[in-house]
Amino acid sequence: MLTITQALVDQIVAHARQDHPDEACGVIAGPEGTGRPERFIPMLNAAMSPTFYEFDSGDLLKLYREMDDRDEEPVVVYHSHTSTEAHPSRTDISLASEPNAHYVLVSTADTDGLGEFQFRSFRIVDGEVTEEEVTVVEAY
């Protein structure tokens with residue numbers, strides 16, 4: 001289960017809307033070993049594409065060094081889908097390299113008639129995708 005603050009959800013959704021029609025992407029870091037997402041880090045989609053996201057390799061290296069210096073780890077890896085539901089694509093699954101991370105997808109398309117976006121979280125380990133419950137709290 002992913003427990004995340006409303007403020008972080010709002011930041012992810014705002015980033016997805018801001019970058020639309022391209023996919024948005026980023027990371028939420030947290031203290032190592034806690035599984036608690038705390039620090040919102042929006043990233044540039046180097047692919048600048050409405051159907052694919054890619055972290056810039058230099059930015060990603062810088063981020064991992066920064067997290068290492070701060071005793072943090074990537075708790076959430078997020079990106080948006082602009083015209084499909086919030087579910088990992090085959091490409092998303094093949095690129096998932098953080099077995100302990102929550103993979104959050106936000107769809108900026110109303111694909112289910114439930115509103116203008118979906119916010120869903122998944123675990124992706126060795127190509128296996130499992131959707132998980134998301135609990136939104138005001139504070140930890």
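The values are calculated or read from the model by the stated rules, or taken from the named source; none is laboratory data. These numbers come from a predicted model, not from an experiment. Cβ sites come from the backbone with ideal geometry, for glycine too, and all protein chains shown count toward neighbours. Calculation scope for accessible area: heavy atoms of the full protein, side chains included, ligands and nucleic acids excluded. Shrake-Rupley method; radii C 1.70, N 1.55, O 1.52, S 1.80 Å.
Given 20 °C and 1.002 mPa s, compute D for the chain with the Stokes-Einstein relation, Rh being the Kirkwood radius over Cα pairs; round to the nearest whole µm²/s. In µm²/s, the coefficient rounds to 143. Surface analysis of segment 1-132 yields an accessible area of 51 Å² per residue, using protein heavy atoms and a 1.4 Å probe. Sparsely packed loop sites in segment 65-140 (the GluC sites (Glu not before Pro) outside DSSP H, G, I, E and B with at most 11 other Cβ atoms within 10 Å) comprise Glu116, Glu133, Glu138.
Our summary gives the chain a relative contact order of 27 percent, counting only alpha carbon pairs under 8 angstrom and 6 or more residues apart. Carbon-plus-sulfur fraction of the accessible area of the chain, 1.4 Å probe, in percent? It is 48 percent, rounded to a whole number. With a cut-off of 10 Å between beta carbons, the residues surrounding Thr51 carry a summed charge of -2, where Lys and Arg count +1 and Asp and Glu -1. Can you give the % of DSSP beta bridges in segment 4-106 that are antiparallel, to the nearest 5? Bridges in segment 4-106 that DSSP calls antiparallel: roughly 70 percent.
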